[in-house]
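Please read the structure below before turning to the comments.
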Amino acid sequence: MEFISETISNYSEQHTEAESALLNELNRETHLKAMSPRMLSGHLQGRVLSFISKLASPKNILEIGTYTGYSALCLAEGLQSDGKLITIDPNEETNIMASKYFQRSAYAKQIELKAGDATKIIPTLTQTFDIVFIDADKRNYALYFDLIIDKVKKGGLIITDNVLWSGKVLMDEKEMDADTKAIHDFNKKVNEDRRVINLLLPVRDGLMLMMKL
């Protein structure tokens, strides 16, 4: 489901800061070579992530779900000069592409890609994070939230992607598939959690913004 018309979407991109030449190249290569290129954050959402990161000026960022590295590069734009972004993904093929672009970027020394299962890696992390971006397997969204909430500083941000799931979250719960039900339950969980304030934005496939209180 497209939430706004293609013409409005194109107009929005045309009147938004352009993606860098490196991001544009990554965008093209992802669509040419990677499976499910729709998973890429893309120009408009990438600029949203960059804008948020620049406002927050984070020291530490955690990303769960790297894919080909586009969103990590966008988030890294707001890092402090001595800041660090850790991104986690188990997919060897997309990790190769992401690593290539990380090394070519201005943030090569600030981005660390950890290959593996995020549910096992997160408990080993000792940093306190200013921003956490979750864009991985949907059935574990609630688990990821529970694993990272105590690692986020007061006033820190948690952002999750695909929380509208092409509009499937509007279905009767009895008709939802497992992924849709997991996202719907996650949205309800966050909305009821008094540790955060939240805002669901209908940007692309839905972004849930949370600030830790």
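Brief remarks on what is shown
- In this label model, Lys189 and Asp172 are separated by 2.6 nm, measuring between points 7 Å along each Cα→Cβ vector.
- Over the chain, accessible surface divided per residue gives 50 Å², non-protein components excluded, 1.4 Å probe.
- The stretch 8-78 versus the stretch 128-153: alpha-carbon centroid distance in Å: 19 Å
- Helix-derived mean residue ellipticity, 222 nm - over the chain, DSSP H n ≥ 4, -39500 (n - 2.57), to 500: -12000 deg cm²/dmol
- Simple label model, 7 Å out from Cα along Cβ direction - Leu44 to Ser12, nm: 0.3 nm
- Protein accessible area in the stretch 114-181, 1.4 Å probe - carbon and sulfur %: 50 percent
- Burial order of peptide ranges 58-71, 38-51 (average beta-carbon count within 10 Å, highest first): 58-71, 38-51
- With contacts taken as Cα pairs under 8 Å at a separation of at least 6 residues, the chain carries a relative contact order of 17 percent.
- Carbon/sulfur fraction of accessible area - the stretch 1-71, other protein chains in place, 1.4 Å, %: 59 percent
- DSSP bridge analysis restricted to the chain gives an antiparallel fraction near 35%, rounded to the nearest 5.
The values are calculated or read from the model by the stated rules, or taken from the named source; none is laboratory data. Everything quoted here is computed from the prediction, not taken from an experiment. Counting neighbours? That spans all protein chains shown, and the Cβs are built from the backbone with ideal geometry, glycine included. Note: areas computed on protein heavy atoms with side chains; ligands, DNA, RNA excluded. Shrake-Rupley method; radii C 1.70, N 1.55, O 1.52, S 1.80 Å.
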